[in-house]
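Written out below as structure tokens is the structure these notes cover.
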Amino acid sequence: MKIRDIKGYEFIDSRGNPTVAAKAVLDDNTSALAIVPSGASTGKFEACELRDNDADRYFGKGTLRAVENINEVISSLLIGDEAYDQAAIDDKMIRCDATENKSRLGANAILAVSLSVARAAAKSLKLPLYRYLGGSVKMTAPVPMMNILNGGAHAANNIDIQEFMIMPVTCKSFKERLRVCSEIYHTLGRLLKAEGLSCGVGDEGGFAPDLDNDSYALEFLVKAIEKSGYNTESVKIALDAASSEWYDNGAYKMPKRGTEFDYKGLTEYYEELLSKYPIISIEDGLGETDFEGWKYMTEKLGKRIQLVGDDLFVTDEKRLEEGIKNGSGNAILIKPNQIGTLSQTLSVIRFAQKHGYKTIVSHRSGDTEDSFIADIAVGMNSEQIKTGAPQRSERTAKYNRLLLIESELEAF
Ligand code: 2PG
Ligand code: MG
């Protein structure tokens, strides 16, 4: 099945900033659209998100150059190629770009095309996208790592830890997991309101009140879990510290509160939180260049909890390999736009699974109605998905897609 046409578009994301979409049309007239997301706490080793830097449009954030690269370069490169050969398509774009970080064509342009071709190919084969991606293996829906309280770069409050998440670890179905999380989310809102705290939300839909300290936020989560009729055996807590945002020259300085740590001190701080709260996962507990710290933290905490590398690994197989050798972390966050093609994304998931690292497929803080990551999570049997609060349509698009997929899997 040959690619007949590819077209790029400048769309907007959930923060109202421009992003890139692409539509692929195949010879049988099948067409599919994909829209790429955009992060705020981006890792320094991520593939390049090409922006126009034209101050007259969208404060420099326009994506017309990336869109032009789709329409002028990538489309003629790929028209006539085999749509079912995703690896060859992605490889051709990587070679045409010919930079280390996809900065010539833009990872936003490349990924939009990569995803739109895969979606069109699945559609033309009349296969659900998750099945096209994962093949004929047993698939199950993931456990949500649901962000219900926002801080850091995702909220204008005084909290430095970026994400406080809940994980329903004992429910049998995704449907039940989502219900439990949503109930806790609403209870948390009521508890905050009762204390006269703000119920406004951050970029990922979690509440974003000002709170005296991190422990106070964790107390609220535990209270919300219990008041909803659950307990901390069945619902656990996960954090994303996003601490690369705090890291400078070997020191961690929390920008909002001004507290300072070295990697040993920060590890001790996490140990203290672990002893008091039902935390089972910490993401980016240390910074993206602090391999020495990561090794130390993993030795100290890696047997007790999940330590997730996001900015550390940036969905990059080479960085993950380095991390594995160095004993850094035991899980990887998977964000397709950190690396820029679907094939590389699926490959790093397989690599992680082969080496016993857990995988968590993730949205970005600036996201869209595109639910592609839900299909990746199921198709690749990733154990977990991180896609925000149960509100704001760019987040619920993924949850609703997972509900649909689960019902299809049950009927299968
Ligand atoms: C993260 C992500 C998603 P951003 O740090 O894990 O929650 O945030 O997209 O801003 O990098
Ligand atoms: Mg993160």
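The values are calculated or read from the model by the stated rules, or taken from the named source; none is laboratory data. All of these numbers come straight from a predicted model, not from anything done at the bench. Because the Cβ atoms are built from the backbone with ideal geometry, glycine has one as well, and the counts that use them run over all protein chains shown. When the accessible area is computed, the model is the full protein with side chains, heavy atoms only, and any ligands, DNA or RNA have been set aside. Shrake-Rupley method; radii C 1.70, N 1.55, O 1.52, S 1.80 Å.
Restrict the check to segment 296-303 and report whether at least one residue is out of contact with any helix residue (DSSP H, G or I) (no Cβ under 8 Å at 6 or more places or on another chain), without any contact (Cβ under 8 Å) to a residue 12 or more places away in the chain and surrounded by fewer than 20 Cβ atoms within 10 Å (Cβ to Cβ). Before you say what the answer is, go through the steps one by one.
Of the residues in segment 296-303, the ones out of contact with any helix residue (DSSP H, G or I) (no Cβ under 8 Å at 6 or more places or on another chain) are 298-299, 302-303.
Then keep just the ones that are without any contact (Cβ under 8 Å) to a residue 12 or more places away in the chain; that gives 303.
Subset that is surrounded by fewer than 20 Cβ atoms within 10 Å (Cβ to Cβ): 303.
Yes.
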Condition check: of a type in the set (Ser, Thr, Tyr) and either open to solvent by less than 10 Å² (accessible area, probe 1.4 Å) or in contact (Cβ under 8 Å) with a residue 12 or more places away in the chain (or both). Does Thr368 satisfy that? yes
Let me confirm something: among Ala194, Ala241, Ala224, Ala251, which residue is within 16 Å of ligand 1 (Cβ to nearest atom) and among the aliphatic types (A, V, I, L, M)? Ala241
Answer with yes or no whether Glu226 is in a helix (DSSP H, G or I), free of Cβ contacts under 8 Å to residues at least 12 places away in the same chain and charged (D, E, K, R). yes
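Going through segment 170-210 one residue at a time, which ones are acidic (Asp, Glu) and open to solvent by less than 20 Å² (accessible area, probe 1.4 Å)?
Step one: list which residues in segment 170-210 are acidic (Asp, Glu), which gives 176, 183, 195, 203-204, 210.
Scanning segment 170-210 gives a single hit, Glu204.
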For segment 1-117, list the helices (runs of 4 or more DSSP H) that sit wholly inside it and hold at least 2 residues that are open to solvent by 40 Å² or more (accessible area, probe 1.4 Å), in contact (Cβ under 8 Å) with a residue 12 or more places away in the chain and of a type in the set (A, V, I, L, M); which are they? 86-97
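Are any of the residues in segment 225-246 touching a Cys at 6+ places or on another chain (Cβ under 9 Å) and surrounded by fewer than 22 Cβ atoms within 10 Å (Cβ to Cβ)? Break it down into steps so the answer makes sense when it comes.
From segment 225-246, those touching a Cys at 6+ places or on another chain (Cβ under 9 Å) are 234-235; that's our starting set.
From the residues that got through so far, the ones that are surrounded by fewer than 22 Cβ atoms within 10 Å (Cβ to Cβ) too are 234.
Within segment 225-246, one or more residues are touching a Cys at 6+ places or on another chain (Cβ under 9 Å) and surrounded by fewer than 22 Cβ atoms within 10 Å (Cβ to Cβ).
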Specify the residue that is surrounded by the fewest Cβ atoms within 10 Å (Cβ to Cβ); the eligible residues are those in segment 339-350 that are more than 16 Å from ligand 2 (Cβ to nearest atom) and touching a residue at least 40 places away in the same chain (Cβ under 8 Å). Ser343
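Is it the case, given these coordinates, that Ser136 is hydroxyl-bearing (Ser, Thr, Tyr) and not in a helix (DSSP H, G or I)? Let's see the steps before the verdict.
On the way: hydroxyl-bearing (Ser, Thr, Tyr): yes; not in a helix (DSSP H, G or I): yes.
Here the answer is yes, as Ser136 does meet what is asked.
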Tell me whether segment 352-361 contains one or more residues that are within 13 Å of ligand 2 (Cβ to nearest atom), in contact (Cβ under 8 Å) with a residue 60 or more places away in the chain and under 21 Å from Ala397 (Cβ atoms). yes
Flagged in segment 139-183 as more than 29 Å from Ser244 (Cα to Cα) and in contact (Cβ under 8 Å) with a residue 40 or more places away in the chain, in numbering order, are Met139, Thr140, Ala141, Thr170, Cys171, Ser173, Phe174, Lys175, Leu178, Val180, Ser182, Glu183
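Would you pick out the residues in segment 232-253 that are within 26 Å of Glu46 (Cβ to Cβ) and either more than 16 Å from ligand 2 (Cβ to nearest atom) or basic (Lys, Arg) (or both)?
If we filter segment 232-253 for residues that are within 26 Å of Glu46 (Cβ to Cβ), which is where we start, we get 238-253.
Answer for segment 232-253, where residues must be within 26 Å of Glu46 (Cβ to Cβ) and either more than 16 Å from ligand 2 (Cβ to nearest atom) or basic (Lys, Arg) (or both): Asp248, Asn249, Gly250, Ala251, Lys253.
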Does Leu197 satisfy the condition of being away from ligand 2 (no atom under 16 Å from the Cβ) and assigned to a helix (DSSP H, G or I)? no
Can you tell me which of Leu307, Leu301 is away from ligand 2 (no atom under 16 Å from the Cβ) and either out of contact with any His (no Cβ under 6 Å at 6 or more places or on another chain) or over 21 Å from Ser362 (Cα atoms) (or both)? Leu301
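Condition first: part of a helix (DSSP H, G or I) and within 16 Å of ligand 2 (Cβ to nearest atom). Now tell me which residues in segment 269-284 satisfy that. Break it down stepwise before answering.
Restricting attention to segment 269-284, the residues satisfying the condition of being part of a helix (DSSP H, G or I) are 269-276.
Hit for segment 269-284 is Tyr270, nothing else.
Taking segment 371-404, which residues are at positive phi and either within 16 Å of ligand 2 (Cβ to nearest atom) or surrounded by 21 or more Cβ atoms within 10 Å (Cβ to Cβ) (or both)?
Step one: list which residues in segment 371-404 are at positive phi, which gives 381, 388, 392.
Matches in segment 371-404: Gly388 only.
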Examine segment 330-338 for a residue that is of a type outside the set (Ser, Thr, Tyr), closer than 23 Å to Tyr84 by Cα and more than 15 Å from ligand 2 (Cβ to nearest atom), and state whether such a residue exists. no
Take the residues in segment 211-223 that are part of a loop (DSSP other than H, G, I, E, B) and exposed (fewer than 14 other Cβ atoms within 10 Å of the Cβ), then tell me which one is farthest from ligand 2 (Cβ to nearest atom). Asp212
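Filtering segment 153-168 down to residues that are more than 14 Å from Ile385 (Cβ to Cβ) and more than 14 Å from ligand 1 (Cβ to nearest atom), which residue is surrounded by the fewest Cβ atoms within 10 Å (Cβ to Cβ)? Talk me through it step by step, then tell me what you get.
From segment 153-168, those more than 14 Å from Ile385 (Cβ to Cβ) are 153-162, 164; that's our starting set.
Keeping just the survivors that are more than 14 Å from ligand 1 (Cβ to nearest atom) gives 156-159.
Values: Ala156: 12, Asn157: 21, Asn158: 14, Ile159: 26.
Filtering segment 153-168 for residues that are more than 14 Å from Ile385 (Cβ to Cβ) and more than 14 Å from ligand 1 (Cβ to nearest atom), the one surrounded by the fewest Cβ atoms within 10 Å (Cβ to Cβ) comes out as Ala156.
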